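Notes follow the structure.
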Amino acid sequence: KAGVTQTPRYLIKTRGQQVTLSCSPISGHRSVSWYQQTPGQGLQFLFEYFSETQRNKGNFPGRFSGRQFSNSRSEMNVSTLELGDSALYLCASSLSGQGFGTEAFFGQGTRLTVV
Amino acid sequence: AQTVTQSQPEMSVQEAETVTLSCTYDTSESDYYLFWYKQPPSRQMILVIRQEAYKQQNATENRFSVNFQKAAKSFSLKISDSQLGDAAMYFCAYRKEGYQKVTFGTGTKLQVIP
C-alpha cells in the first residue's frame, strides 16, 4: 500500500512569488491535513480537508490556502511568499475524524526555501 | 487550548540500554488520543505508538511502551534495548476525538551511543 506522497520534495522560491504544494493521501483516506515545521515554531497545524471541504483551520494568515479534489488529493498554496515561510511542509492523511485507528500518516514533506 | 510539553530537548542512551522520554499535556477533554512520533533525518514522521485516553492499560509495541497517567496528564515513552536506528527526534502528540488536528510537543532529540 503506497504511503502519503508529497511533491515536490524541495523548492526554492523568491520573496513575493507564490507556490503550490501537492499531497496524495493513502488510498482510501479522505482526510488530509497540512503542517508547517520550523526550528523556531515547531510543528504547527495549517488546515484539514475532508471530502473536499475545509473542516479545521490553524492560525495562519490568509496567504495560506488549500483545497482538496474529489480523489482526496490536496494542494496547498502560499501567495506572496515571505522569508519566514521557509519551512518543511508536512502533509498527513487519515481515514476519518471518528474513532480509534484514525491516526495520521505523514508524507516526507516538502522543503520550501524562500530567498 | 490543548498543549503538549516535552521538557527534554535532548537525551542520549547507550546501545542496548533503556531510555524514557517525558511528555505532559493539558486538556479539558475526556476523549482523546496520544501518540509518539519519530522523525529521523529523512524527515518522515513515523508513528511509534498510540494510546486511547479511555484505556487504562498502557500501550506497547515491541521495544516501545508508554506510561500513561491520565490524572497527572503524563505520557512517557520507554524504549528498551535501544538500537542505533532509534536515533531521531521524538514528538509527543495529542488529538481530540472527532478532530484531525494534531498538537505536537517541541520534540526530544535522542542520540544512541554505540
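The values are calculated or read from the model by the stated rules, or taken from the named source; none is laboratory data. Since this is a predicted model, take the numbers as computed values, not measurements. Note that we place each Cβ from the backbone using ideal geometry, even for glycine, and neighbour counts take in every protein chain shown. In case anyone asks, the SASA skips ligands and DNA or RNA and just uses the protein heavy atoms, side chains included. Shrake-Rupley method; radii C 1.70, N 1.55, O 1.52, S 1.80 Å.
Here's the yes/no breakdown for (1) within 11 Å of chain A (Cβ to nearest Cβ); (2) surrounded by fewer than 20 Cβ atoms within 10 Å (Cβ to Cβ); (3) under 22 Å from A:T110 (Cα atoms):
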| site | (1), (2), (3) |
| --- | --- |
| B:T27 | no, yes, no |
| B:L34 | yes, no, no |
| B:K38 | yes, no, yes |
| B:M45 | yes, no, yes |
| B:Q57 | no, yes, no |
| B:R63 | no, yes, no |
Practice problem: Please enumerate the residues belonging to region A:60-83 that are in contact (Cβ under 8 Å) with a residue 12 or more places away in the chain, open to solvent by 60 Å² or more (accessible area, probe 1.4 Å) and more than 13 Å from the chain's Cα centre (by Cα). | Solution: A:S70, A:T80, A:E82, A:L83
Quiz prompt | Extreme residue, surrounded by the fewest Cβ atoms within 10 Å (Cβ to Cβ), among residues of region B:69-112 that are within 14 Å of chain A (Cβ to nearest Cβ) and among the charged types (D, E, K, R) | solution = B:K109
Quiz prompt | Single match in A:L112, A:L90 (criterion: buried (at least 16 other Cβ atoms within 10 Å of the Cβ), hydrophobic (A, V, I, L, M, F, W, C), farther than 19 Å from B:R95 by Cβ and within 14 Å of the chain's Cα centre (by Cα)) | solution = A:L112
Quiz prompt | Hey, A:F45 of a type outside the set (V, I, T) and part of a strand (DSSP E or B) or not | solution = yes
Exercise. Restrict the check to region A:21-35 and report whether at least one residue is in a loop (DSSP other than H, G, I, E, B), within 21 Å of B:Y94 (Cβ to Cβ), open to solvent by less than 80 Å² (accessible area, probe 1.4 Å) and in contact (Cβ under 8 Å) with a residue 40 or more places away in the chain.
Key: yes
Exercise. Quick one: A:R15 ticks every box in (1) loosely packed, with under 15 Cβ neighbours inside 10 Å; (2) within 13 Å of chain B (Cβ to nearest Cβ) except a single one, so which number is it?
Key: (2)
Quiz item: Taking region B:5-25, which residues are touching a Cys at 6+ places or on another chain (Cβ under 8 Å) and open to solvent by 20 Å² or more (accessible area, probe 1.4 Å)?
Solution: B:T5
Exercise. Please go through region A:50-59 and pick out each residue that is open to solvent by less than 40 Å² (accessible area, probe 1.4 Å) and polar (S, T, N, Q).
Key: A:N56
Self-check item: strands (runs of 3 or more DSSP E) contained in region B:18-73 and holding at least 2 residues of a type in the set (A, V, I, L, M, F, W, C)
Solution: B:19-21, B:32-39, B:46-52, B:64-69
